[in-house]
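Student: Provided herewith is a single structure, encoded as structure tokens, for subsequent inquiry.
Values in this text are rule-based calculations from the coordinates and carry no lab data. Everything numeric here is computed off the predicted structure, so don't read it as measured data. Note that we place each Cβ from the backbone using ideal geometry, even for glycine, and neighbour counts take in every protein chain shown.
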Amino acid sequence: MSVYIIAEAGVNHNGSPELAKELVAAAADAGADAVKFQTFRAEKLASASARKAAYQKETTDAGESQVDMLRKLELPLDVYPELIALCKEKGIDFLSAPFEADSLRFLTEKCQMPRIKIPSGEITNGPFLLEIARTGLPVIMSTGMSTLGEVEKALSVLAYGYLHDDAPNDSLDFSRAYEGTQGHGILQEKVSLLHCTTEYPAPFDEVNLAAMDTLKNAFGLPVGYSDHTEGIAIPWAAVARGAEIIEKHFTLDKTLPGPDHKASLAPDELAMMVRGIRQIEKSIGNAWKAPTERERKNLPIARKSLVAKRNIRAGEVFTADNLGAKRPASGTSPMRYWCLLGKRAGRDYETDDPIRE
């Protein structure tokens, strides 16, 4: 199965519909499978007292509140139909991550979005997770900042929401849904997990790609990687390690104002990441160790056969002094060297003649 590559436009449109459309075109030109935005209403996402992250203070006005910053990054709702139509025209999937209930309903009911991306920050937002599951749609859930236990609790809420329409009585209802056969089945059908380090840019020594294995082994679900490191080496490494989904921020211009541009890929870097992933996919293979068809033609050229190191007369004993190995592999394999030592030559051999005994 091909790796699903999500080009994360996020809020790198800076609230501009035209910039958002250019991001769609750039993602499609780069060969990504999907372009993903973020959908929210600032006042419903953050309170007036919410602080900005350190990286946001460095890349935006340090004096403004998080809500003020988010207002500038809202995308007008009336542009979404245009973006979806453009995605269809360009042959790329449209995705957007909702951050609150109204945005979730807008994306699923008005935009008919077929899959929901759950941001890392919402993984402990139980009521929101329940509402997401009640849509019945498949989800991709990022797990940045999370412990394994928090991921399990989030999955238990999703399992309950997928299976039940009534309100839960308590957390035990979630546990029962998660632990049951139906719960495991619905999660395997609907949910993919993304390992993630929520820092911008993420330090390489905090990436911990091995945690992808932990998620896969713990939950038996498809696992991918949402990357916030600089460059494209880590997404490549994640694919080589088995990631089925890759998500990566990109921008049209890293110097634009806004919180995420600096830690995003330029369009040419995004295209290079996609090309590399497709090459890695082809190179992973099937784990069976055997020569390929194209390798076989090189066997006689690269390998050796036993040869006479000097003239050998018929009846002469083969010894280390007169028996050696050279290319090509047109005679007896050198693996039979020890079988011939001490035996007598069946015919004459000139120097470098392949031994055929």
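Student: Sorted by mean Cβ packing within 10 Å, highest first, what order do the peptides 229-241, 299-311 take?
Tutor: Output ranking for 229-241, 299-311: 229-241, 299-311.
Student: Additional query: Normalized C-alpha radius of gyration of the stretch 185-249, against 2.2 N^0.38 Å? Can you show the working numbers first?
Tutor: Values: Rg = 11.7 Å, N = 65, 2.2 N^0.38 = 10.7 Å.
My calculation over the Cα atoms of the stretch 185-249 gives 1.09.
Student: Want the number for W288 to K88: 0.36 nm per residue separation, take away the alpha-carbon distance, what's left?
Tutor: Values: separation 200, 0.36 × 200 = 72.00 nm, distance 3.91 nm.
Additional length available on full extension: 68.1 nm.
Student: Calculate, for A48 and L77, the FRET efficiency according to 1/(1 + (r/R0)^6) with r their C-beta to C-beta distance and R0 22 Å; round to the nearest 0.05.
Tutor: Working: r = 23 Å, r/R0 = 1.04.
With a Förster radius of 22 Å, E is 0.45.
Student: Restrict the search to the stretch 281-357; then list the chymotrypsin sites (Phe, Trp or Tyr not before Pro) that DSSP places in a loop and that have at most 13 other Cβ atoms within 10 Å of their Cβ.
Tutor: Values: sites: W288, F318, Y337, W338, Y349; in loops: W288, F318.
Passing sites in the stretch 281-357 are W288.
Student: A follow-up question, please. Per residue of the stretch 322-335, what does 6.51 cos²θ - 1.76 cosθ + 1.60 with θ = phi - 60° give for ³J(HN,Hα)? Whole Hz please, x for Gly and Pro, Karplus curve as stated.
Tutor: 10, 10, x, 9, 9, 6, x, 8, 9, x, 6, 4, x, 5
Student: To the nearest 0.05, how large is the calculated FRET efficiency for R356 and E189 if R₀ is 51 Å and r is the Cβ-Cβ distance?
Tutor: Numbers: r = 62 Å, r/R0 = 1.21.
With a Förster radius of 51 Å, E is 0.25.
Student: In a GNM of the chain with a 10 Å cut-off on Cα contacts, which of E293, E247, E199 has the highest mean-square fluctuation?
Tutor: Fluctuation is largest for E293.
Student: What's the angle, to the nearest 10 degrees (0 to 90), between helix 210-219's Cα axis and the longest principal axis of the chain?
Tutor: Approximately 70 degrees, to the nearest 10.
Student: Which of L172, L163, L107 moves the most in a Gaussian network model of the chain with Cα springs under 10 Å?
Tutor: Highest fluctuation of the listed residues: L172.
Student: What pairs from K117/K289; K52/K248; K44/K88; K90/K248; K216/K248 go past 28 Å between their alpha carbons? Write out the running numbers ahead of the final one.
Tutor: Numbers: K117/K289 38 Å; K52/K248 22 Å; K44/K88 30 Å; K90/K248 19 Å; K216/K248 20 Å.
Long pairs (Cα-Cα over 28 Å): K117/K289; K44/K88.
Student: At a threshold of 8 angstrom on Cα-Cα distance, excluding pairs fewer than six apart, so keeping six or more, what relative contact order does the chain reach in percent? It would help to have the intermediate numbers written out before the result.
Tutor: On the way: 640 pairs, mean separation 53.5, N = 357.
Taking the mean separation of contacting Cα pairs over the length of the chain, I get 15 percent.
Student: When you count, for each residue, the other Cβ atoms within 10 Å and take the mean per peptide, how do 249-257, 201-209 rank with the highest first? The partial results should precede the final answer.
Tutor: Details: 249-257: 17.2, 201-209: 13.8.
Order by mean packing, descending: 249-257, 201-209.
Student: Can you list the trypsin sites (Lys or Arg not before Pro) in the stretch 34-69 that are in a DSSP coil and have 10 or fewer other beta carbons within 10 angstrom? Could you put the intermediate results ahead of the total?
Tutor: Values: sites: K36, R41, K44, R51, K52, K57; in loops: R41, R51, K52.
Sites meeting the loop and neighbour criteria: R51.
Student: While we're here: What angle do you read, to the nearest 10 degrees and between 0 and 90, between the alpha-carbon axis of helix 17-30 and the longest principal axis of the chain?
Tutor: The answer is roughly 10 degrees.
Student: How big is the stretch 4-284 by the Kirkwood estimate over distinct Cα pairs, in Å? It would help to have the intermediate numbers written out before the result.
Tutor: On the way: mean 1/r = 0.0522 Å⁻¹.
Here the Kirkwood hydrodynamic radius works out to 19.2 Å.
Student: Relative to a virtual label point 7 Å from the Cα of R344 in the Cα→beta-carbon direction, which members of the stretch 288-321 show backbone nitrogen distances below 13 Å?
Tutor: The answer is 313-318.
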